[in-house]
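All remarks here apply to the structure that follows.
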Amino acid sequence: MLLELRDVSARYGRIQALHGVDLHVDEGEVVALIGANGAGKTTIMRAVSGLLPVSTGSVIFEGQDITRLRADRRVARGISLSPEGRGIFPGMSVKENLDMGAYTRRDRAGIAADLERMLTLFPRLRERLGQPGGTLSGGEQQMLAVARSLMSRPKVLLLDEPSMGLAPKLIAQIFDIVVEIRRQGTTILLVEQNAHQALWVADRGYVLETGSVVRTGSGEDLLDDSSVKAAYLGVA
Amino acid sequence: MTPTTPSGADPSTGERLSTQDPPLLVERSGEGETPRREPEGGSSPRGPRRRRELADLPPVVRYAICAGILGAAYLLPWVGRVPVIGPQIQTQGIDWPSALFNMSYFVLLALGLNVVVGFAGLLDLGYVGFFAVGAYTVAVLASPDSDLDQRWPWLACVPVAIGVCLFSGLLLGWPTLRLRGDYLAIVTLGFAEIIRVFADSSSLLRGDRGLGSIPHPPGNWSDGSPIFSVRDATPYYWLGLTLIVLMVLAVRNLKASRVGRSWLAIREDEEAAELMGVRTVRFKLWAFAIGAAIGGFGGVLFAGEQGFLNSATFQLMFSVLVLAGVVMGGSGSIPGAILGGALISYIPDRLRGVQIAGTDAFEYRFLIFGLMIIIIMIFRPQGLLPDRRRVATTQDQEER
C-alpha cells in the first residue's frame with residue numbers, strides 16, 4: 001500500500017469537512033474520488049498534501065505516518081499535488097514554472113531529462129517555454145500544472161479537478177494524458193466531478209458524500225452501480 | 001531628474017513605454033483553449049513581450065553604463081555647476097548635500113522594503129520600525145545622554161545595530177507568518193506604533209527629550225578636520241551611496257538565487273509554492289530579517305548624520321512614504337526602488353523654499369506628492385521602472 005488514510009477527519013474552522021475517511025491507494029493504481037460539490041474531495045487532497053492539518057486520524061505513506069509532516073517535506077517524499085484551479089505561477093515563464101516543480105531535487109541531469117520528457121508529453125508547452133504562465137490558455141495552464149507536479153518525480157500524483165473549466169475536446173486530452181502518465185509508472189489519485197471519465201480511467205473509485213465514503217469499488221463496478229449512475233452519471 | 005538612477009541615462013526608457021501597449025489578447029474563445037496570438041517579433045527566446053532592457057546589451061556596454069551612472073551619482077554634490085539645468089536640479093530651501101543625504105537613506109529604506117514587499121509580497125506598513133530600531137540602537141550605545149552611558153564610537157555600534165534589526169525582523173516575522181495580505185499589514189502597522197510608543201514613554205529612549213551628541217563616523221581629512229561633521233553632509237551622502245551600491249549588489253544576487261526564486265514563488269502563489277516544496281515560513285522570515293537589516297543601515301546612517309533622535313523623529317508617515325516610493329518605482333524592481341526612494345525624498349526637499357502664492361510649496365508637499373503618485377499610477381500602473389514579471393502578472397490579472 002503506497003498511501004493510506006485511516007479514519008481521517010478534517011475541519012475548516014467550525015465546519016467539519018471530513019468524517020472519518022478511510023481510503024488507500026496501491027502502487028501503480030489510478031484511484032478516482034467522485035462526489036458532488038462540497039463532498040470533501042478537495043479536502044482529502046489538501047489533507048494528503050499537507051496543506052490542511054487533519055483533526056483526527058492518520059495519513060500513512062509508504063508505511064510511515066506522515067500526519068504531522070509539513071507540506072514541503074511531503075513533496076520531497078514523493079507526494080505531489082496539482083491543485084484545483086491549477087495554481088501556476090503567472091509571472092514565471094513556462095520553463096521557470098517547470099523548474100519550480102523540481103525545487104526539491106538536486107540531480108541536474110535527472111531534472112533535465114524529466115524536463116525533456118514533459119515537453120515530449122506536452123508538446124504545447126515546448127512552444128510556450130519562454131512565455132509567462134499567466135498568458136497561457138486554460139488548457140495549457142492545466143497541462144503546465146500537471147507537468148510541473150510531475151517534475152518533482154512523485155511516487156503519487158494528486159490531480160485535483162484537472163478537467164475543470166475545459167472544453168470537451170481538451171477534457172478528453174487530459175484523460176489521455178492521465179492514462180499515459182500511469183503507463184509510465186506514476187500512481188495517481190484523481191479528484192473529478194466528471195465522474196464518468198474519471199471512473200473510466202480509474203482502477204478503483206471512492207464515492208464521497210458530505211465528507212464520508214459512501215461507496216467504493218472498481219471503476220467498472222461503480223460505473224454500473226445504479227445509485228452512482230443516478231447521482232453522478234446523469235443516467236436514471 | 002535624479003541621476004542616481006539609470007532612468008536618466010537609459011536610452012530604452014522611451015521604448016518601454018511604447019512596447020507595453022500592443023494588445024496581447026487578440027482572440028479568446030469561451031474556454032480559452034485557443035492560443036493567444038503573439039504580437040510581431042515574438043520570436044525572442046524569452047517570450048513575445050520581452051522589453052528591451054539593460055540586460056540585453058553586451059556586458060562591456062552594460063558595465064560602462066553602470067559605471068557612468070555611478071560616477072555621475074558620486075559627482076552629484078557639484079551638479080549646481082552644470083550650466084542651465086544644474087541650478088534647477090538643486091534644492092533651494094535645504095542645502096543640496098543634505099538633500100542628497102536624505103535621498104540616500106530613503107533609497108536604502110526603499111531597497112530594504114522592496115525585499116519584503118516587492119520580492120516576497122509581504123505588505124509591511126511598519127517598516128519605519130526597523131529604521132527606528134537601527135537609529136536608536138546607535139543612539140543608546142553612543143549618546144552621552146543615554147542611561148547606559150557607554151559612549152561607543154559610531155562604527156562599533158553599526159554591527160550591533162544591524163544585528164538588533166535582524167533580530168527584530170525575526171521577532172516581528174515570527175508571529176505574523178500565518179497572516180496574509182490585509183491582516184499582515186495591520187499587524188506591521190501595530191509594530192511601528194509599538195516602537196513609537198515605546199520611544200515616547202521609555203526612560204531608556206527618553207521620549208521627546210531624545211538622545212543627542214551621537215558621534216559621527218570616524219576619519220579625518222589630511223588637514224586634521226573630521227570627514228563627517230555637521231558642516232557638510234557631502235561625505236555622508238557618499239557613505240550612503242556606497243552603502244546603496246553594496247546593498248544593491250547583495251540584493252541583486254539574492255534575487256537571482258534560490259532564495260529569490262523562493263520569494264518569487266511565495267509572492268505569486270504562496271500555496272503553490274508550498275506544494276513545490278518551498279519552506280514558506282523560513283523564506284518569509286528571511287525576507288523580514290533582510291529587509292529589516294537594510295532598513296537598519298539607513299537608521300545608523302541617519303543617527304550619525306543627525307546627531308540627535310527623539311520620539312517625534314519616526315512618524316508613521318515614513319513607512320507610508322517609503323512604501324509609496326517602492327510602488328511608484330515598480331514593486332519588485334531594484335532600479336525602481338532606487339528611483340522611487342530617491343523621488344520621495346527629492347520631491348518634498350525640492351519644494352522647500354519655492355513660493356506658491358506666497359506660501360512655501362513645502363507646505364503643499366503631500367498634495368503635490370499625492371497628485372504625482374496618482375498621475376504615475378494612471379500612466380504607469382506597474383511603476384516607473386517595473387519588474388519584468390510584475391508586468392506579466394498584472395496584465396494577466398487585468399485580462400481575466
Requested in this report: Compare the Cα positions of A:125, B:357, B:301 along the charge dipole of the protein assembly as shown (+1 at Cβ of Lys, Arg; -1 at Cβ of Asp, Glu; about the Cα centre) and return the one farthest towards the positive end.
Outcome: B:301
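For the protein assembly as shown, give me the percentage of DSSP beta bridges that are antiparallel, rounded to the nearest 5 percent. It would help to have the intermediate numbers written out before the result.
Working: 25 of 44 bridges.
Once the DSSP bridges in the protein assembly as shown are tallied, antiparallel ones form about 55 percent.
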Query raised in the report: Any idea which of B:197, B:136, B:289 is furthest toward the positive side of the dipole for the stretch B:72-324, if Lys and Arg beta-carbons carry +1 and Asp and Glu beta-carbons -1?
Result: B:289
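Which entries of A:41/A:169; A:95/A:229; A:169/B:284; A:41/B:255; A:41/A:155; A:155/A:229 have Cα-Cα distances beyond 30 Å here? List each step's numbers first, then the result.
Values: A:41/A:169 24 Å; A:95/A:229 42 Å; A:169/B:284 41 Å; A:41/B:255 38 Å; A:41/A:155 20 Å; A:155/A:229 32 Å.
Distance filter (> 30 Å) returns A:95/A:229; A:169/B:284; A:41/B:255; A:155/A:229.
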Report summary line: Per the 1/(1 + (r/R0)^6) rule, R0 = 60 Å and r from the Cβ atoms of residue B:155 and residue A:200, FRET efficiency to 0.05 is 0.25
Query raised in the report: If you place +1 on the Cβ of every Lys and Arg, -1 on the Cβ of every Asp and Glu, and leave all else neutral, what size is the dipole of the stretch B:72-324 about its Cα centre, to the nearest 20 Debye?
Result: 560 debye
Query raised in the report: Which trypsin sites (Lys or Arg not before Pro) does the stretch B:178-254 hold that lie in a coil by DSSP with at most 12 other beta carbons within 10 Å?
Result: B:178, B:209, B:231
Report summary line: Per DSSP, the loop-located chymotrypsin sites (Phe, Trp or Tyr not before Pro) within the stretch B:291-346 having at most 14 other beta carbons within 10 Å are B:308
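For the protein assembly as shown, what mean projected area does the convex hull of the alpha carbons give, in nm²? Working shown, then result.
Details: hull surface 135.1 nm².
Averaging across all directions leaves 33.8 nm² for the Cα convex hull.
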Query raised in the report: Size of chain A along its principal axes in angstrom, Cα-based, largest extent first?
Result: 47, 40, 32
Query - Amide proton proximity set for residue A:33, modelled H, under 5 Å, gap of 5+ - result: A:190, A:191, A:192, A:206
Report summary line: In terms of the charge dipole of the protein assembly as shown, which places +1 on Lys and Arg and -1 on Asp and Glu at the beta carbon, the residue among B:324, B:175, B:233 farthest towards the positive end is B:233
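Using only the Cα atoms of the stretch B:276-400, build the gyration tensor, take square roots of its eigenvalues as a ≥ b ≥ c, and label the shape rounded, prolate or oblate: rounded if a/c is under 1.5, else prolate if a/b is larger than b/c, else oblate. Write down the numbers at each step before the final one.
On the way: a/c = 2.83, a/b = 1.25, b/c = 2.27.
The shape class here is oblate.
Taking loop as defined by DSSP and a crowding limit of 10 other beta carbons within 10 Å, which trypsin sites (Lys or Arg not before Pro) in the stretch B:274-367 fit?
On the way: sites: B:279, B:282, B:284, B:350, B:352, B:365; in loops: B:279, B:352.
Sites meeting the loop and neighbour criteria: none at all.
Based on the Cα atoms of the stretch B:72-324, what semi-axes does the equivalent ellipsoid have, where each is the square root of 5 times one gyration tensor eigenvalue, given in whole Å with the largest first?
Details: eigenvalues 203, 108, 51 Å².
Equivalent ellipsoid semi-axes, largest first: 32, 23, 16 Å.
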Report summary line: Between residue B:72 and residue B:180, the FRET efficiency computed from the C-beta separation at R0 = 60 Å comes out, to the nearest 0.05, as 0.90
Query - Quotient of C-alpha Rg and 2.2 N^0.38 Å, computed over the stretch B:212-345 - result: 1.29
Query raised in the report: Taking the Cα-to-Cβ direction at residue A:109 and at residue B:365 and moving 7 Å from each Cα, how far apart do the two end points lie in nm?
Result: 6.2 nm
Query raised in the report: Counting each DSSP H run of 4 or more residues in chain A as -39500 (n - 2.57), what helix-only mean residue ellipticity at 222 nm follows after dividing by all residues, to the nearest 500 deg cm²/dmol?
Result: -10500 deg cm²/dmol
Query - Other-chain or far-sequence residues with amide H under 5 Å of residue B:126's (modelled H) - result: B:189
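Which peptide among B:170-176, B:383-389, B:60-66 comes first, and what is the full order, when sorted by highest mean count of other Cβ atoms within 10 Å?
Values: B:170-176: 17.7, B:383-389: 23.1, B:60-66: 12.4.
Highest-to-lowest ranking by the protection proxy: B:383-389, B:170-176, B:60-66.
Give the longest segment of chain A that steers clear of GluC sites (Glu not before Pro) in DSSP loops with at most 15 neighbouring Cβ atoms within 10 Å, not counting the sites themselves. Kindly include the intermediate steps, with their values, before the conclusion.
Details: sites that count: A:27, A:62.
Looking at chain A, A:63-236 is the longest stretch - no exposed GluC sites (Glu not before Pro) with at most 15 other Cβ atoms within 10 Å.
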Requested in this report: Over the Cα atoms of the stretch B:126-264, compute the convex hull volume and normalise it per residue, giving Å³.
Outcome: 143 Å³
Report task. Along Cα→Cβ, 7 Å out, is where each label goes; now give me the distance between the ones at residue B:84 and residue B:221 in nm to one decimal. Result -> 3.3 nm
Query raised in the report: Kirkwood hydrodynamic radius for the stretch A:1-127: how many Å is it when counted over pairs of different Cα atoms?
Result: 16.4 Å
Query raised in the report: Roughly what would the spin-label model give for residue B:95 and residue B:202, points 7 Å off Cα along C-beta, in nm?
Result: 3.3 nm
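To the nearest 20 debye, what charge dipole does the stretch A:87-236 have about its Cα centre, counting +1 at the Cβ of each Lys and Arg and -1 at the Cβ of each Asp and Glu?
Values: 17 positive and 18 negative charges, 118 e Å.
Charge dipole of the stretch A:87-236: 560 debye, to the nearest 20.
Is there a quick way to get the dipole size of the protein assembly as shown? I mean about its Cα centre, with the Cβ of Lys and Arg at +1 and of Asp and Glu at -1; what is the value in debye to the nearest 20?
Numbers: 62 positive and 62 negative charges, 191 e Å.
Magnitude of the dipole: close to 920 debye.
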Report summary line: Residues meeting the amide H criterion for residue B:82 (H placed from the backbone, H to H distance under 5 Å, 5 or more places apart or on another chain) are none
Query raised in the report: Residue-wise, which Karplus ³J(HN,Hα) couplings in Hz belong to the stretch A:182-190, taking 6.51 cos²θ - 1.76 cosθ + 1.60, θ = phi - 60°, and x for glycine or proline?
Result: 5, 4, 7, x, 9, 6, 10, 10, 10
Report summary line: Under the Karplus relation with 6.51, -1.76 and 1.60 and θ = phi - 60°, whole-Hz ³J(HN,Hα) for the stretch A:106-114, x at Gly and Pro, equal 10, 7, 3, 5, x, 5, 4, 5, 5
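Checking the a/c ratio against 1.5 first, then a/b against b/c, what shape does the Cα gyration tensor give for the stretch B:46-177? Provide the component values of the computation, followed by the final result.
On the way: a/c = 2.39, a/b = 1.29, b/c = 1.85.
Oblate is the answer for the stretch B:46-177, as a/c is 1.5 or above yet b/c matches or exceeds a/b.
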Query raised in the report: So what is the orientation-averaged projected area of the stretch A:115-228, using the convex hull of its C-alpha atoms, in nm²?
Result: 8.0 nm²
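From the square roots a ≥ b ≥ c of the eigenvalues of the alpha-carbon gyration tensor of the stretch B:311-360, which class results: rounded (a/c under 1.5), prolate (a/b over b/c), or oblate? Can you show the working numbers first?
Details: a/c = 3.14, a/b = 1.52, b/c = 2.06.
Oblate is the answer for the stretch B:311-360, as a/c is 1.5 or above yet b/c matches or exceeds a/b.
Report relative contact order for chain A in percent, whole number only (criteria: Cα-Cα under 8 Å, sequence separation at least 6). Numbers along the way, then the final one.
Values: 467 pairs, mean separation 64.0, N = 236.
Value for chain A: 27 percent.
Quick note: the coordinates plus some simple rules give every number you see, no bench work behind them. None of these values were measured; they are calculated from a predicted model. Neighbour counts run over all protein chains shown; Cβ positions are idealised from the backbone, glycine included.
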